[in-house]
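What follows is calculated from the coordinates using simple rules that are stated; it is not laboratory data. Not measured: the values here are computed from a predicted model. Positions of Cβ are backbone-derived with ideal geometry, glycine not excepted, and every protein chain shown enters the neighbour counts.
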Amino acid sequence: MVLSLMGSPRVTIGGSHPDQFTVSSQPAATVAPNGGTTTFIIRFSPVGLGFRSASVSIINDSGSSPYQFVITGTGVANTVIVESGGTDDVGKYSSIAVDSNGKGHISFYNDTDNRLMYANNTSSAWIDKTFSSTDNWGMDTSIALDSSDKVHINYYDGSSGDLEYAVYNGVSWWKRTLDSSGNGGRYSSITVHSDGSIHISYYDVTNGNLKYAWF
């Protein structure tokens, strides 16, 4: 006797994390008797890390309850080498922001050349560039994007002890010093408000103070 799969869709997902399992290919509507088979495909697309589970239900015309079973998966982090150090030591003080298209922007420090670096994957691959050729620029870097995906970076000038800021206009970087009062620009963090204003917190080493700058 031919077995008919009655559901619409024929395979459904429920349980704890149904949004992270997708039936990308449904089985045939009927299965031939005497060893006939059909197939379907479920894809796992985890949101976040850790254990995930879902129940699979298939309704048929055999008169019995739907056939159900549980599937599980574990979300893990995807990793890729953005910048291979080679003979250089790169990647210290890294900071990341994601633009409106889901693309990553990273500021980081080349500890061998003592320079701030910037990379993005707005094209098909990660592209990196030297932000500045000035030695000791770029420690304690922090990056943020505004509503137009314009890149804003603040960082510590290891030679002068100043807190520095830069914004990329699509062609070149515009830079300015925000705090030059001694050794006052360590461990900074930057964010951009929806109105476009810039907000930065940082550590004043000379006076042992937490400081805040905005403009």
In whole angstrom, and with the biggest value first, how far do the Cα coordinates of region 114-215 range along each principal axis? 45, 33, 18
Cut-off under 5 Å, modelled amide H: who pairs with residue 205 long-range: 184, 185, 186
Highest GNM mean-square fluctuation, the chain, Cα pairs closer than 10 Å: which of 77, 166, 32? 32
List, in order, the whole-Hz ³J(HN,Hα) value for each residue of region 16-26 obtained from phi through the Karplus relation with A = 6.51, B = -1.76, C = 1.60 and θ = phi - 60°; use x for Gly and Pro. 6, 10, x, 6, 9, 10, 10, 7, 8, 8, 7
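Could you give the dipole magnitude of the chain about its Cα centre, charging the beta-carbon of Lys and Arg +1 and that of Asp and Glu -1, in debye to the nearest 20? Could the numbers behind the result be given before it?
On the way: 12 positive and 19 negative charges, 160 e Å.
So the dipole magnitude of the chain works out to roughly 760 debye.
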In whole Hz, with x marking every Gly and Pro, tabulate ³J(HN,Hα) for region 177-183 from phi via Karplus 6.51 cos²θ - 1.76 cosθ + 1.60, θ = phi - 60°. 8, 9, 8, 10, 8, x, 8
When all alpha-carbon pairs of the chain are counted, what percent fall beyond 24 Å? 59
Between residue 74 and residue 189, what is the spin-label point distance in nm, taking each point 7 Å from the Cα along the Cα→C-beta axis? 3.0
Using Cα positions and a limit of under 12 Å, work out the aspartates and glutamates in reach of residue 103, with same-chain residues fewer than 8 apart set aside. 149
Among the lysines, which have Cα under 18 Å from the Cα of residue 175 when same-chain residues fewer than 8 positions away are ignored? 129, 150
So for the pair residue 45, residue 136, with labels modelled 7 Å out along Cα→Cβ, what separation do we get in nm? 5.0
List the chymotrypsin sites (Phe, Trp or Tyr not before Pro) within region 1-60 that DSSP assigns to loop and that have no more than 16 neighbouring Cβ atoms inside 10 Å. 40
So which residue, out of 90, 47, 192, gets the largest mean-square fluctuation from a GNM of the chain using Cα contacts under 10 Å as springs? 47
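Would you mind ranking 164, 83 so that the residue whose beta carbon has the fewest other beta carbons within 10 Å leads the list?
Details: 164 24, 83 16.
In increasing order of surrounding Cβ atoms, one gets 83, 164.
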Work out from phi, with θ = phi - 60° and the Karplus expression 6.51 cos²θ - 1.76 cosθ + 1.60, the ³J(HN,Hα) of each residue of region 143-156, listed in order in whole Hz, and give x for Gly and Pro. 10, 8, 10, 8, 5, 9, 6, 6, 8, 10, 10, 10, 6, 9
Using amide H atoms built in the peptide plane, which far-off residues or other-chain residues are under 5 Å from residue 60 H to H? 6, 67
For residue 88 and residue 205, what is the calculated FRET efficiency with R₀ set at 30 Å and r taken between the beta-carbons, to the nearest 0.05? 0.65
Cα gyration tensor category, rounded, prolate or oblate, for region 1-127 with a/c compared to 1.5: prolate
